[in-house]
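**Q** I have a structure I would like to understand better, so I am pasting it below and will then ask my questions one at a time.
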2 protein chains.
Amino acid sequence: MITDKKERVIEAAALSFSQFGFKATTMASVAKIAKVAKGTIYTFFDSKESLFSTILERTMRQLRQAADTAIQEEAAFHENIQAMLDAILGFRENHQLLIKMGQEAKELGTAEVLEILTQVERQILDYIKSVIMKEKAKGIVTKHDPELLAFLVYKTYIALISDWERQHEPLPKETISEIIRAQIH
Amino acid sequence: MITDKKERVIEAAALSFSQFGFKATTMASVAKIAKVAKGTIYTFFDSKESLFSTILERTMRQLRQAADTAIQEEAAFHENIQAMLDAILGFRENHQLLIKMGQEAKELGTAEVLEILTQVERQILDYIKSVIMKEKAKGIVTKHDPELLAFLVYKTYIALISDWERQHEPLPKETISEIIRAQIH
DNA sequence: AAATTGACCAAAATTCTTTTTTGGTCATTC
DNA sequence: GAATGACCAAAAAAGAATTTTGGTCAATTT
């Protein structure tokens, strides 16, 4: 069956990319893990990049889903924002692929990965923005426009979670909530 | 006169560091610009690093001074914070040295420069913190502790000034003010 | 005839070798 | 005693040689 092989290639590639990164993953090894000849991969994907971005899209879809299920129609605005951010970050925390990409971008500065990561960031920002706009449609008034608000929330969250902890004790969840809540007013 | 030569060395080094960066500045060229023999430099400074950090300390002193003069005893809390941030950023904007260091850290990843830049950031944070604490002594109540507040203000400001502008139109000053003001409550 | 393979190739990356540059010293000069 | 610049070891850069890698395609299998 044709789909079976394609699945195996995707599975193998996902494993390798998240274990060794983009650069260190070779098409030969993916083929070997997938028990497929190298040429076969090229009947499904026309380059290493396209294979990579297929896997990344899959990951992004999972991420969006995790965020979606975290949001409750009835909950308050800031509760939803918070839940969504937790979902996104929780997902990131135990998803090898995105972690590896972050490392590789920093250490190796791989061009492809760097570009992909800004796309991931863009998607997260768009997602936050869409949540804000949905809330706005419900009648909530926000001080700034959704694009700016999404940007602020995202940057603040990242700063509090990752930058702050590089030099300080982790902040309690309530403090983070409070700060984000103050942002969205 | 001994001081004359030392001055010339510092001047030449400052010029070269801010024009070409740390790595691309050679002791030989500094000597040449300063019209001094290479050995002479080593009677004043015992390494390239120490020469570099002397110059950087000078720059930091200037930066602190710029911020200090921006602050008015009588002005309101958020006015002072704003004035200080403007001073810091305005200073940075037209100070070649710090700009070059930022570039070099990103592009070359020079270890010495990377370390120095975290020190610069630490100093800016400490400065903001001290301003906050001075205001606090005047009786102003802040929601979070000064360290966290300084961190938040700094990160937000950087995000709004530099990250935001990579993808959007620059924000009007009033918007930035408003956001910062909301932070410090 | 459609799918699959793996030997094959050019280009890129890596390693090894040679050459040049650089930070730092110190005997000599001023 | 301050200043110099030829000198050196170490590091960096450049170049040459070698290996690895992404991608192709004629041959084979299904």
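**Q** Condition test on B:Phe17, is it within 30 Å of A:Thr110 (Cα to Cα) and either at pLDDT 95 or above or not polar (S, T, N, Q) (or both)?
**A** yes
**Q** Mind counting the residues in the stretch A:23-33 that are of a type in the set (Gly, Ala, Ser) and more than 8 Å from DNA strand D (Cβ to nearest atom)?
**A** 1
**Q** Can you tell me how many residues within the stretch B:132-145 are surrounded by fewer than 19 Cβ atoms within 10 Å (Cβ to Cβ) and within 8 Å of chain A (Cβ to nearest Cβ)?
**A** 1
**Q** Residue by residue through the stretch A:150-185, note down the ones that are more than 22 Å from the chain's Cα centre (by Cα) and of a type in the set (Lys, Arg).
**A** Once the filter is applied, which keeps residues that are more than 22 Å from the chain's Cα centre (by Cα) and of a type in the set (Lys, Arg), the stretch A:150-185 yields only A:Arg181.
**Q** Before we move on, is A:Lys106 in a helix (DSSP H, G or I), basic (Lys, Arg) and loosely packed, with under 14 Cβ neighbours inside 10 Å?
**A** yes
**Q** Assess whether A:Val36 counts as being of a type in the set (Val, Ile, Thr), within 11 Å of DNA strand D (Cβ to nearest atom) and away from chain B (no Cβ under 14 Å).
**A** When the stated conditions are applied, A:Val36 does not pass them.
**Q** Please go through the stretch B:146-162 and give me each residue that is free of Cβ contacts under 8 Å to residues at least 12 places away in the same chain and facing chain A (nearest Cβ under 7 Å), ordered by number.
**A** B:Lys155, B:Ala159
**Q** Looking at the structure I just gave you, is A:Leu125 surrounded by 13 or more Cβ atoms within 10 Å (Cβ to Cβ), outside any helix (DSSP H, G or I) and at pLDDT 90 or above?
**A** The answer is no for A:Leu125.
**Q** Let me ask you something else. Please go through the stretch A:133-178 and give me each residue that is at pLDDT 90 or above, among the acidic types (Asp, Glu) and either farther than 21 Å from B:Asp145 by Cβ or part of a loop (DSSP other than H, G, I, E, B) (or both), ordered by number.
**A** Within the stretch A:133-178, A:Asp145, A:Glu147, A:Glu169 qualify.
**Q** Here's a follow-up. Condition first: within 16 Å of DNA strand C (Cβ to nearest atom), touching a residue at least 12 places away in the same chain (Cβ under 8 Å) and not in a loop (DSSP other than H, G, I, E, B). Now tell me which residues in the stretch A:36-63 satisfy that.
**A** A:Thr40, A:Ile41, A:Phe44, A:Lys48, A:Glu49, A:Leu51, A:Phe52
**Q** Just wondering, is there one or more residues in the stretch B:24-45 that are within 20 Å of B:Ala105 (Cβ to Cβ) and crowded, with 17+ Cβ neighbours inside 10 Å?
**A** Within the stretch B:24-45 (the criterion being within 20 Å of B:Ala105 (Cβ to Cβ) and crowded, with 17+ Cβ neighbours inside 10 Å), the answer is yes, since at least one residue qualifies.
**Q** Going residue by residue through the stretch B:64-75, is there one that turns out to be surrounded by 13 or more Cβ atoms within 10 Å (Cβ to Cβ), more than 14 Å from chain A (Cβ to nearest Cβ), within 15 Å of DNA strand C (Cβ to nearest atom) and in contact (Cβ under 8 Å) with a residue 12 or more places away in the chain?
**A** There is no residue in the stretch B:64-75 that is surrounded by 13 or more Cβ atoms within 10 Å (Cβ to Cβ), more than 14 Å from chain A (Cβ to nearest Cβ), within 15 Å of DNA strand C (Cβ to nearest atom) and in contact (Cβ under 8 Å) with a residue 12 or more places away in the chain.
**Q** Okay, moving on. What number of residues within the stretch A:163-183 satisfy the criterion of being within 10 Å of chain B (Cβ to nearest Cβ) and within 21 Å of B:Ile179 (Cα to Cα)?
**A** 7
**Q** Of everything in the stretch A:13-47, what is of a type in the set (Gly, Ala, Ser) and more than 14 Å from A:Gln96 (Cα to Cα)? Give them in sequence order.
**A** Listed by number, the residues that qualify are A:Ala24, A:Ala28, A:Ser29, A:Ala31, A:Ala34, A:Ala37, A:Gly39, A:Ser47.
**Q** Just checking, does the stretch A:23-31 include any residue being in a helix (DSSP H, G or I) and away from DNA strand C (no atom under 13 Å from the Cβ)?
**A** Yes, that holds for at least one residue.
**Q** Residue by residue through the stretch B:39-52, note down the ones that are more than 8 Å from DNA strand D (Cβ to nearest atom) and farther than 17 Å from B:Ala14 by Cβ.
**A** Across the stretch B:39-52, the qualifying residue is only B:Asp46.
**Q** Here's something else I'd like to know. Which count do you get for residues in the stretch B:1-22 that are part of a loop (DSSP other than H, G, I, E, B) and within 9 Å of DNA strand D (Cβ to nearest atom)?
**A** Residues meeting the conditions: 1.
The values are calculated or read from the model by the stated rules, or taken from the named source; none is laboratory data. Keep in mind that what you see is a predicted model, and the values were worked out from it rather than measured. Note that we place each Cβ from the backbone using ideal geometry, even for glycine, and neighbour counts take in every protein chain shown.
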